[in-house]
Amino acid sequence: MSLQVVTANRLDDGLVVFLTADGGWSENIDQSRIADGKEAGDALLAEASVPELDTVIVGPYLIEVEQQDDGLVPTKYREVLRTKGPSVRQDLGYQAG
Amino acid sequence: MAIVKNDSVIDQEWITLDAEADLPPGEENIIVPLARFKEERETLIGRNGGLGVQLNPGDAPEDLANDLDRLSIITVHFPAYTDGRGYSYARVLRERLGFKGELRAIGDVLRDQILYMHRCGFDAYELKNDDDVSLTKVRAALKEMTVYYQPTGDGRVTAASLRERRRAALKSAS
Amino acid sequence: MYRYDDFDRQLVLERTEQFREQVKRRLSGDITEDQFRPLRLMNGVYLQLHAYMLRVAVPYGTLRADQLRQLGYIARRYDKGYGHFTTRQNIQYNWPKLDEIPDALLDLAKVEMHAIQTSGNCIRNTTTDQYAGAAADEIEDPRPYCELIRQWSTFHPEFTYLPRKFKIAVTGSPNDRAAVKVHDIGLRMHQNDAGEVGFEVIVGGGLGRTPFVGKTVRDFIGKNDLFSYLEAILRVYNRFGRRDNKYKARIKILVHEIGVEEMQRLVEEEWAQIKGGSLRVDDAEIAHYIEQFAPPAFETLSDDDSEFERRKAENREFSNWVRSNVIAHKQPGYAIANVSLKPIGGIPGDATDTQMELVADLSEQYSFGDVRVTHEQNLVLPHVKKADLFSLWAELKNANLATANLGYVTDIISCPGLDYCALATARSIPLSQRISERFSDLDRQHDIGELKIKISGCINACGHHHVGHIGILGLDKRGKEFYQITLGGDASENAEIGKIAGAGFSEAEVVDAIESLVTKYLGIRETGERFIDTYRRVGMDPFKEVLYGDR
Ligand code: HEM
Ligand code: SF4
């Protein structure tokens with residue numbers, strides 16, 4: 001029922017990233033690996049929280065998402081802003097393209 | 001675990017007792033928490049063997065004012081490096097009460113705080129690393145900065161007094 | 001203005017190198033994020049929603065032209081071409097990369113600037129009156145003392161791990177423009193009966209989730225004794241401030257819980273032990289610092305400039321700007337010019353790289369290379385000849401920096417809110433933009449007069465909403481942004497914490513709600529009354545009624 005992905009900030013430049021299917025990190029939420037349900041979510045987060053990743057990303061956590069026509073969209077507005085960029089500077093962040 | 005003092009690693013020569021532990025029978029060197037020192041003061045100072053006190057956050061170093069010459073060591077416990085009360089305790093002990101014995105930082109003692117501890121009057125640090133790493137860390141920490149703005153009791157010359165000297169020199173030269 | 005000597009320079013360079021090493025250790029995996037976080041915070045580096053954020057200290061809000069120009073360069077080189085001036089008289093960059101921050105700090109060090117102690121539980125950047133050294137109502141320039149506080153508090157070995165952050169503000173003028181009563185320590189310069197100038201010491205003010213107006217612990221402390229007295233307060237706080245709960249750890253809670261008399265007793269007892277000691281600053285040293293902030297080489301001018309008067313009479317736009325943004329100077333023939341960073345519909349406090357460079361140039365041309373940052377998120381050229389105001393204004397206007405709204409309803413303080421801040425519960429910038437657009441008509445703004453709206457995106461109150469005449473706090477109600485309105489707050493010498501008007505408003509409703517408050521005020525004000533005066537006279541009820549009716 002509840003779809004989740006793991007997000008974090010990349011260590012070197014601080015930008016928002018998502019855990020992908022192949023275990024990498026992408027700036028594009030649509031490339032993220034989706035976990036369905038609590039157990040799958042916990043497993044995904046555990047995978048993202050291993051000490052080896054401490055030199056790649058900072059502060060991984062799960063967010064809830066919905067599959068919409070144009071792709072994955074977080075359910076919380078805070079996370080929507082993170083996937084796009086500041087709403088007051090649409091020329092900046094990922095929304096700037 | 002290693003204790004660094006005066007640019008070298010020293011042996012642990014002290015047994016730290018908690019509130020309840022039995023006093024050892026012989027002439028062992030012991031450290032007791034301040035609360036226990038206050039309760040059992042007569043017994044403790046009547047014992048043979050070295051005596052020290054451990055200060056925990058919330059303790060008042062002033063409670064030791066009349067007994068400082070009986071203490072060879074005071075340890076100050078930092079349960080977390082973020083709990084900075086111990087810095088004030090050290091300055092009160094050294095600068096106000098004139099404590100001359102060993103002042104040792106124990107607990108969450110990390111490289112990045114050692115210079116501050118030294119400036120406040122600590123002269124010994126118990127680190128969680130092994131001997132070599134601990135010594136390297138303390139040495140590096142103590143020389144990371146060379147300019148000091150605040151006068152403390154550590155004997156370092158402050159920027160203000162160096163400036164004053166310079167101004168005086170300029171004046172007498174002119 | 002204060003110039004670093006080799007000691008200051010050395011200290012900042014050593015710190016920059018130290019941080020470069022720490023970043024290297026972090027990137028290579030020598031230290032973990034948990035170990036690194038406090039180290040980066042001590043150097044002003046946060047991790048925000050979209051990226052890292054670097055907060056650079058502007059000590060006591062004073063900048064030289066070359067410093068502001070460098071801030072513009074840093075915005076372009078390490079960020080996306082802009083920076084955000086904050087209520088703490090600092091500047092924040094929103095997009096620096098961690099591996100480039102050591103270089104940015106080195107570039108700052110070149111112009112005698114740094115990010116030291118802009119975060120962490122230590123003594124933060126000391127703030128003061130943005131008109132220091134220029135204001136007509138000033139008793140004495142507070143900046144020499146601010147600089148001495150800066151040095152005393154930088155890497156203070158005893159006070160780097162306090163229970164919580166610690167903010168000191170100083171005013172040298174009876175009209176408090178530095179909000180000293182809502183800081184951990186507020187210092188107000190005044191004259192005692194013997195005619196000496198010293199400081200009233202106010203302790204335990206603050207905003208955040210438990211706002212308090214500070215209380216006076218000492219009516220007068222002489223200049224020589226200021227530092228030992230500050231050290232006594234800090235030692236009492238370091239020893240007795242609560243550490244069991246970070247929401248109760250500020251000094252305001254200690255003062256509130258033990259009472260101001262007990263606080264006073266503890267501080268005086270501590271001070272008695274150290275007052276004659278090495279922190280006593282003698283007159284010669286004070287004089288040395290006063291000299292560093294000596295007034296610039298003002299010309300002897302008449303206070304009436306006919307050219308200036310003619311321009312005002314001819315150009316209404318200019319005269320409007322003069323009326324709101326230009327303030328009396330203590331030197332005849334000079335004026336203080338405020339540069340609004342609040343264009344209608346703009347982002348409060350944001351300035352682009354080229355705007356910063358332009359203001360730097362203009363300050364050299366017109367203001368002895370002196371620029372100030374205000375806690376209301378504007379810039380100031382403090383020493384402008386009246387005769388130059390017109391050309392200054394024309395150049396500012398070309399760069400969209402001449403909005404004539406200082407102190408008016410569109411001069412809104414706003415924190416970054418959910419658009420940038422990881423702690424936010426709602427956005428604050430878009431709301432300030434919509435309010436600004438709603439009241440864009442200048443005649444209407446002038447008619448409304450002084451009205452301070454302050455917006456925070458969460459209870460931390462970085463946007464000072466508690467002390468806004470109208471304060472707005474953004475909250476999250478089941479996933480939707482909503483906004484709570486407070487009325488009657490005041491950051492001045494008559495400091496007061498605003499009262500919550502009632503239930504919050506949705507994003508769609510809140511601008512109308514603000515407008516209805518203003519309309520009510522216009523309907524009931526007496527001659528000469530500002531919004532805050534009317535509120536004080538009539539109280540909350542009439543305003544509550546327009547907001548909620550019978551609800
Ligand atoms: C963007 C990252 C920021 C973070 C993480 C942050 C965090 C906080 C927190 C946690 C508090 C509450 C402190 C307490 O009550 O103990 C606070 C208060 C405050 N902050 Fe910020 N803040 C940020 C940005 C800003 C900005 C942009 C400004 C200026 C516009 C600012 C100025 C203040 C002020 C004036 C206060 C209230 C005064 C006080 O009680 O200290 N902060 N901040
Ligand atoms: S008030 Fe809240 S939202 Fe605004 S900057 Fe401070 S912490 Fe962030």
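Out of the residues in region C:238-250 that are within 14 Å of chain B (Cβ to nearest Cβ) and assigned to a helix (DSSP H, G or I), state the one that is nearest to ligand 2 (Cβ to nearest atom).
Step one: list which residues in region C:238-250 are within 14 Å of chain B (Cβ to nearest Cβ), which gives C:238-246, C:249.
Adding the requirement that they be assigned to a helix (DSSP H, G or I) leaves C:238-240, C:246.
Numbers: C:ASN238: 25, C:ARG239: 28, C:PHE240: 27, C:LYS246: 14 Å.
Here the answer is C:LYS246.
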State which residue pairs qualify: first residue touching a residue at least 60 places away in the same chain (Cβ under 8 Å) and inside region C:189-211, second residue among the basic types (Lys, Arg) in any location, beta carbons under 6 Å apart, and separation of 6 or more residues or different chains.
C:GLY205/C:LYS181
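Having 2 or more residues that are within 16 Å of ligand 1 (Cβ to nearest atom) is the bar; report the strands (runs of 3 or more DSSP E) wholly within region C:183-237 that clear it. First the steps, then the outcome.
Values: elements: C:185-191, C:197-203, C:215-222.
By residue number, C:185-191, C:197-203.
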In region C:371-413, the residues that are within 16 Å of ligand 2 (Cβ to nearest atom) and at negative phi:
C:HIS375, C:GLU376, C:ILE412, C:ILE413
For the subset of region C:419-432 comprising residues that are farther than 13 Å from C:MET53 by Cα, open to solvent by 10 Å² or more (accessible area, probe 1.4 Å) and facing chain A (nearest Cβ under 7 Å), which member is nearest to ligand 2 (Cβ to nearest atom)?
C:ARG427
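If only one of C:GLU112, C:GLU100 is within 11 Å of another protein chain (Cβ to nearest Cβ), touching a Phe, Trp or Tyr at 6+ places or on another chain (Cβ under 6 Å) and open to solvent by 10 Å² or more (accessible area, probe 1.4 Å), which one is it? Working first, answer last.
On the way: C:GLU112 fails: within 11 Å of another protein chain (Cβ to nearest Cβ).
Criteria check complete, one pass: C:GLU100.
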Looking at (1) open to solvent by 20 Å² or more (accessible area, probe 1.4 Å); (2) at pLDDT 95 or above, find the lone condition where C:ALA136 falls short.
(2)
I'd like to check something: does region B:126-136 contain any residue that is more than 12 Å from chain C (Cβ to nearest Cβ) and closer than 19 Å to C:GLU17 by Cβ?
yes
Report, ordered by the first and then the second residue, all pairs with beta carbons closer than 9 Å, sequence separation of six or more or different chains, a first member in region B:51-68 that is in the same structural domain as B:ARG85 (by TED's automatic domain parsing), and a second member that is β-branched (Val, Ile, Thr) and open to solvent by 10 Å² or more (accessible area, probe 1.4 Å).
B:LEU51/B:ILE45; B:GLY52/B:THR16; B:GLN54/B:THR16; B:GLN54/B:ILE106; B:ASP67/B:ILE45
Within region C:457-487, take every residue that is away from ligand 1 (no atom under 16 Å from the Cβ), closer than 17 Å to C:ILE514 by Cα and of a type outside the set (Ser, Thr, Tyr) and give me the one that is farthest from the other protein chains (Cβ to nearest Cβ).
C:LEU487
On the given criteria, is C:TRP271 within 30 Å of C:LYS342 (Cα to Cα), surrounded by 19 or more Cβ atoms within 10 Å (Cβ to Cβ) and touching a residue at least 12 places away in the same chain (Cβ under 8 Å)?
no
Open to solvent by 40 Å² or more (accessible area, probe 1.4 Å) and at the interface with chain A (Cβ under 10 Å from one of its Cβ atoms): is that true of C:TYR73 in this structure?
no
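With the condition being surrounded by fewer than 21 Cβ atoms within 10 Å (Cβ to Cβ) and at pLDDT 95 or above, I'd like the helices (runs of 4 or more DSSP H) fully within region B:1-99 carrying at least 1 qualifying residues.
On the way: elements: B:34-39, B:41-46, B:85-91.
Passing ranges, in order: B:34-39, B:41-46.
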Among the residues of region C:394-415, is any modelled with pLDDT of 95 or more, surrounded by fewer than 24 Cβ atoms within 10 Å (Cβ to Cβ), within 16 Å of ligand 1 (Cβ to nearest atom) and not in a strand (DSSP E or B)?
no
Just a yes or no: is a residue in region B:103-113 crowded, with 22+ Cβ neighbours inside 10 Å, within 9 Å of chain C (Cβ to nearest Cβ) and not in a loop (DSSP other than H, G, I, E, B)?
yes
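Please work out which residue is nearest to C:GLY479 (Cα to Cα), limiting yourself to region A:67-85 and to residues that are outside any helix (DSSP H, G or I) and open to solvent by 30 Å² or more (accessible area, probe 1.4 Å).
Taking region A:67-85 and keeping what is outside any helix (DSSP H, G or I), we get A:67-76, A:85.
Adding the requirement that they be open to solvent by 30 Å² or more (accessible area, probe 1.4 Å) leaves A:67-70, A:73, A:75-76.
Numbers: A:GLN67: 18, A:GLN68: 19, A:ASP69: 22, A:ASP70: 22, A:VAL73: 15, A:THR75: 9, A:LYS76: 7 Å.
This residue is A:LYS76.
Being within 16 Å of ligand 1 (Cβ to nearest atom) and among the aliphatic types (A, V, I, L, M) narrows it down to one of C:ALA424, C:ALA387, so name that one.
C:ALA424
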Subset tally (residues that are within 14 Å of another protein chain (Cβ to nearest Cβ), among the aliphatic types (A, V, I, L, M) and more than 16 Å from ligand 1 (Cβ to nearest atom)) for region C:134-173:
2
Give the residue, chosen from A:ILE29, A:ILE34, that is away from every other protein chain (no Cβ under 13 Å), under 22 Å from C:CYS421 (Cβ atoms) and in contact with a strand residue (DSSP E or B) (Cβ under 9 Å, 6 or more places away or on another chain).
A:ILE29
Where residues in region B:114-144 are under 16 Å from the mean Cα position of the chain (by Cα) and assigned to a loop (DSSP other than H, G, I, E, B), which of them is surrounded by the most Cβ atoms within 10 Å (Cβ to Cβ)?
B:PHE122
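From the set of residues in region B:145-174 that are free of Cβ contacts under 8 Å to residues at least 12 places away in the same chain, of a type outside the set (A, V, I, L, M) and surrounded by 16 or more Cβ atoms within 10 Å (Cβ to Cβ), which is farthest from the other protein chains (Cβ to nearest Cβ)?
As a first pass, look at region B:145-174 and keep what is free of Cβ contacts under 8 Å to residues at least 12 places away in the same chain: B:146, B:149, B:151, B:155, B:157-158, B:160-174.
The next check asks that each one be of a type outside the set (A, V, I, L, M); those that pass are B:146, B:149, B:151, B:155, B:158, B:161, B:163-167, B:171-172, B:174.
Remaining after also requiring surrounded by 16 or more Cβ atoms within 10 Å (Cβ to Cβ): B:149, B:151, B:158.
Working: B:TYR149: 4, B:PRO151: 4, B:THR158: 8 Å.
So the residue we want is B:THR158.
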Right, C:LEU207: touching a His at 6+ places or on another chain (Cβ under 6 Å) and farther than 24 Å from B:TYR149 by Cα or not?
yes
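Suppose we filter A:VAL50, A:VAL56 for residues that are in contact (Cβ under 8 Å) with a residue 12 or more places away in the chain and within 14 Å of chain C (Cβ to nearest Cβ); which single one remains? Break it down stepwise before answering.
Values: A:VAL50 fails: in contact (Cβ under 8 Å) with a residue 12 or more places away in the chain.
Checking each option against the conditions leaves just A:VAL56.
In contact (Cβ under 8 Å) with a residue 60 or more places away in the chain, within 19 Å of C:GLY72 (Cα to Cα) and surrounded by fewer than 23 Cβ atoms within 10 Å (Cβ to Cβ): is that true of C:GLY345 in this structure? Full working, then the answer.
Working: in contact (Cβ under 8 Å) with a residue 60 or more places away in the chain: yes; within 19 Å of C:GLY72 (Cα to Cα): no; surrounded by fewer than 23 Cβ atoms within 10 Å (Cβ to Cβ): yes.
No.
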Where a residue in region C:411-428 is without any contact (Cβ under 8 Å) to a residue 40 or more places away in the chain and not assigned by TED's automatic domain parsing to the domain that holds C:GLY345 and its partner, wherever it lies, is near ligand 1 (Cβ under 10 Å from one of its atoms) and not hydroxyl-bearing (Ser, Thr, Tyr), with Cβ under 6 Å and at least six apart
C:LEU423/C:CYS458
Give me the residue from region C:1-34 that is assigned to a helix (DSSP H, G or I) and basic (Lys, Arg) and, out of that set, least open to solvent (accessible area, probe 1.4 Å).
C:ARG26
Based on this model, can you work out whether A:GLU39 counts as of a type in the set (D, E, K, R), within 14 Å of another protein chain (Cβ to nearest Cβ) and part of a helix (DSSP H, G or I)?
no
I'd like to verify a number: residues in region C:23-68 that are touching a helix residue (DSSP H, G or I) at 6+ places or on another chain (Cβ under 9 Å), among the basic types (Lys, Arg) and within 16 Å of ligand 1 (Cβ to nearest atom), how many?
1
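The values are calculated or read from the model by the stated rules, or taken from the named source; none is laboratory data. Everything numeric here is computed off the predicted structure, so don't read it as measured data. So basically every Cβ, Gly included, is an ideal-geometry build from the backbone, and we count neighbours across all protein chains shown. These area figures cover heavy atoms from the full protein model, side chains too; ligands, DNA and RNA do not enter into them. Shrake-Rupley method; radii C 1.70, N 1.55, O 1.52, S 1.80 Å.
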